[in-house]
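**Student:** Take this structure, written in structure tokens, and hold onto it; I'll ask about it next.
The values are calculated or read from the model by the stated rules, or taken from the named source; none is laboratory data. Just so it is clear, the structure is predicted and the values come from calculations on it, not from any experiment. Heads up, the Cβs are rebuilt from the backbone with ideal geometry, glycines too, and the neighbour counts pull from every protein chain shown. Each accessible area value is taken on the protein alone, full model and side chains, heavy atoms only, with ligands, DNA and RNA left out. Shrake-Rupley method; radii C 1.70, N 1.55, O 1.52, S 1.80 Å.
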Amino acid sequence: MTTPPTAAAESRDILTRLGVPASVWSSDGFEARSPIDGSVAGRVAETPDLDAVADRATAAFHQWKRLPAPRRGELVRLLGEELRASKDDLARLVTLEAGKIVSEGLGEVQEMIDICDFAVGLSRQIYGLTIASERPGHHMRETYQPLGPVLVISAFNFPVAVWAWNACLALVCGDPVIWKPSEKTPLTALATHAILDRAIARFGDAPEGLSQLVIGGREAGEALAADPRIPLVSATGSTRMGRAVAQTVAARLGRSLLELGGNNAMIVTPSADLDMAVRAIAFSAVGTCGQRCTTLRRLLVHESIADGLIARLKAAYETLPIGDPRADGVLIGPLIDDASAHGFETALAQAVEQGGQIVVGGDRVEREGVYVRPAIVRMPAQTAVVEHETFAPILYVLTWSDFDAAVAMQNAVPQGLSSCVFTDSVREAEAFLSAWGSDCGIANVNIGPSGAEIGGAFGGEKETGGGRESGSDAWKAYMRRQTQTVNFSRELPLAQGVKFDV
């Protein structure tokens, strides 16, 4: 039987096919390691001159903003074509570098294609308002203008889709893009940029520096976030990282768009379709090995159905296929690194100390790479460990007897990203979606908290950061808003009836 190639060797083959030059490798750069088997593809050279990056982006902005928005949209249309042509290779690289199962890797690249389609349409629909003026012979209107270079700081768990959410909107809005990916996933970023370079070559008149990739660690992100030439910083990651970025950007009165932690809950009521709920819980809680900001982390179940639902979940968890995410049938791949496994084990120990009972899972799987068995923990109350987001597959189960109390329990955590309720009661569903219901940026009925479509704005409240990306009118964050007044009369009346004759 032929031994399959290491994840690192397969990664290098894909990079070659996608046109990433061999010059990216270095003797002392960032280590590119696959979580699948721990193999190292090599070291990726760091970006040496961040000041030059900002200079190039600034120069590119002065040219790019002069192109009509539909023309800018043409570049994004070409990017969508190139992504379609390279979908299988890029998705495979996502699996190899981030550890996602094959269907999730394909889904992430499809998400990039979808946002390209959305942004191309947007390029012909960027709109403002006309506003009635109180002054005769005056027209007043509100328009949106290109903002300037945008810095995108992305996380390892969605190594390419988050960049696309930001970059496609920024490009059609007239803004150059600087991308600082996670140092844990540099290969997917290099591959994506090679694909974009092909689209830029076909486009023909894009300025140099329109899109730049910065390989570096925390210091690189901090330096760019502090640069006043970059008016908007879009950062995805932990709440700790977001606080640091927000303070740095605010110190120079810049803008930040933050997508940070989630501690997402599902409320299950006695009227819920439990067959559907079990399926939704399983995907939401263990998909991507619990490494999604929209992962289900708290299950709030009515006390009358808790024992039966937990028994069904335990049986489902015991049969979850765990292993190499490239293999057919595997549903649970690896955690990204040993630090994540340590966080998983530490949180479980704290949960037990705080009165929790581990129902299933919680141990490591002995094999190359970092694999764990997803855990279900029954908790007596929403203790400190439950209120903290652990980026790993731990599902805390709590019970309730009053629906309003369940909603209050859901809201009583620092994070506010995604939420959901399973119920067949119209009253419960509408109460959950009301002003006194879920306080999260995303609220779903009879679907889990994961798997947002690109058509809606994505983001959350409280410690999740308050930013919005992707669909709806999230594009407005990438533009500057301008109120314009035109006097087409031969008089000069002042607003509010002020008289000032000279």
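**Student:** With viscosity set to 0.890 mPa s at 25 °C, what whole-number translational diffusion coefficient in µm²/s follows for the range 18-129 from Stokes-Einstein and a Kirkwood radius over Cα pairs?
**Tutor:** D, rounded to a whole number, is 145 µm²/s.
**Student:** What are the extents of the Cα atoms of the range 129-254 along their three principal axes, listed from largest to smallest and rounded to whole Å?
**Tutor:** 60, 40, 23
**Student:** Restricting attention to the range 417-472, which GluC sites (Glu not before Pro) occupy a DSSP loop and are surrounded by at most 15 other Cβ atoms within 10 Å? Walk me through the numbers before you get to the answer.
**Tutor:** Details: sites: Glu428, Glu430, Glu453, Glu461, Glu463, Glu469; in loops: Glu453, Glu463.
When the GluC sites (Glu not before Pro) of the range 417-472 are filtered for loop state and at most 15 Cβ neighbours within 10 Å, Glu453 remain.
**Student:** With Kirkwood's inverse mean 1/r over C-alpha pairs for Rh, give me the Rg to Rh ratio of the range 186-294, two decimals please.
**Tutor:** 1.13
**Student:** Cα atoms only, the range 80-145: Rg and Dmax in Å?
**Tutor:** 20.9, 65
**Student:** Here's something else I'd like to know. List the DSSP H helices in the chain whose Cα atoms stretch 27 Å or more along the helix axis and whose mean Kyte-Doolittle hydropathy is at least -1.0.
**Tutor:** Working: long enough: 102-122 (30 Å, 0.72).
In the chain, the long hydrophobic H runs are 102-122.
**Student:** Shifting gears a bit: Report in % the part of the accessible area of the chain that belongs to carbon and sulfur, leaving out ligands and nucleic acids; probe 1.4 Å.
**Tutor:** 52
**Student:** Sticking with this one: Quick one: which residues, 5+ away or cross-chain, put their amide H under 5 Å from the amide H of Ile153? H built at 1.01 Å from N.
**Tutor:** Lys180, Ser234, Ala235, Thr236
**Student:** When the convex hull of the C-alpha atoms of the range 392-502 is computed, what volume per residue in Å³ does it have?
**Tutor:** Value for the range 392-502: 227 Å³ per residue.
**Student:** For the range 309-356, what are Rg and Dmax over the alpha carbons, in angstrom?
**Tutor:** 13.8, 39
**Student:** Which whole-number value in Å³ per residue fits the convex hull of the alpha carbons of the range 433-495?
**Tutor:** On the way: hull volume 11.6 nm³, N = 63.
Per residue, the Cα convex hull of the range 433-495 comes to 184 Å³.
**Student:** List the trypsin sites (Lys or Arg not before Pro) within the range 394-497 that DSSP assigns to loop and that have no more than 12 neighbouring Cβ atoms inside 10 Å.
**Tutor:** Qualifying residues, ordered by number: Arg490.
**Student:** Now for a separate question. If you average 1/r over all unlike Cα pairs in the range 323-395 and invert the result, what Kirkwood radius do you get in angstrom?
**Tutor:** 12.8
**Student:** Taking the Cβ of Phe30 as the centre, find all other residues whose Cβ is under 10 Å away and add up their charges (Lys, Arg: +1; Asp, Glu: -1). Don't skip to the end; give the middle numbers.
**Tutor:** Working: positive: Arg33, Arg43, Lys184; negative: Asp28, Glu31, Glu46, Glu183.
Residues near Phe30 contribute -1 overall.
**Student:** Could you give the distance between the Cα centres of the range 1-80 and the range 84-159, to the whole Å?
**Tutor:** 19
**Student:** Just the number, please: Stokes-Einstein D of the range 354-424 in µm²/s, Kirkwood Rh from C-alpha pairs, 10 °C, 1.306 mPa s.
**Tutor:** 113
**Student:** Hey, got a sec? Which trypsin sites (Lys or Arg not before Pro) in the range 1-84 land in a DSSP loop and have at most 12 other Cβ atoms within 10 Å?
**Tutor:** Arg66
**Student:** Okay, moving on. Could you tell me what fraction of 2.2 N^0.38 Å the Cα radius of gyration of the range 295-427 comes to, as a two-decimal ratio? Could you put the intermediate results ahead of the total?
**Tutor:** Working: Rg = 15.6 Å, N = 133, 2.2 N^0.38 = 14.1 Å.
So the range 295-427 has a normalised radius of gyration of 1.10.
**Student:** Are any of the pairs Lys87/Lys476; Lys87/Lys180; Lys65/Lys100 more than 27 Å apart by Cα-Cα distance, and if so, which?
**Tutor:** Result: Lys87/Lys476; Lys65/Lys100 exceed 27 Å.
**Student:** Also: Tell me the Kirkwood hydrodynamic radius of the range 238-326 in angstroms, computed as one over the mean inverse distance between distinct C-alpha pairs.
**Tutor:** Values: mean 1/r = 0.0638 Å⁻¹.
Kirkwood radius, the range 238-326: 15.7 Å.
**Student:** Find the Cα radius of gyration of the range 1-40, compare it with 2.2 N^0.38 Å by division, and give the number to two decimals. Before the final figure, lay out the partial values.
**Tutor:** Working: Rg = 11.4 Å, N = 40, 2.2 N^0.38 = 8.9 Å.
Dividing the Cα Rg of the range 1-40 by 2.2 N^0.38 Å gives 1.28.
**Student:** Using the scaling law 2.2 N^0.38 Å as the reference, what is the normalised Cα Rg of the range 61-175?
**Tutor:** Taking the Cα Rg and dividing by 2.2 N^0.38 Å, one obtains 1.35.
**Student:** Assuming a viscosity of 0.890 mPa s and a temperature of 25 °C, what translational diffusion coefficient in µm² per second does Stokes-Einstein assign to the chain, Rh being the Kirkwood radius over Cα pairs?
**Tutor:** 102
**Student:** Let me ask something else about it. Measuring with a 1.4 Å probe in the full set of protein chains, what accessible area per residue, in whole Å², belongs to the chain?
**Tutor:** Roughly 42 Å² per residue, with all protein chains present.
**Student:** Once the Cα gyration tensor of the range 126-173 is found, what semi-axes does its equivalent ellipsoid get, as square roots of 5 times the eigenvalues, in whole Å, sorted largest first?
**Tutor:** Values for the range 126-173, descending: 38, 9, 8 Å.
**Student:** When Rg is the radius of gyration of the Cα atoms in the range 227-384 and Rh is its Kirkwood radius, what does Rg/Rh come to?
**Tutor:** We get a ratio of 1.04 for the range 227-384.
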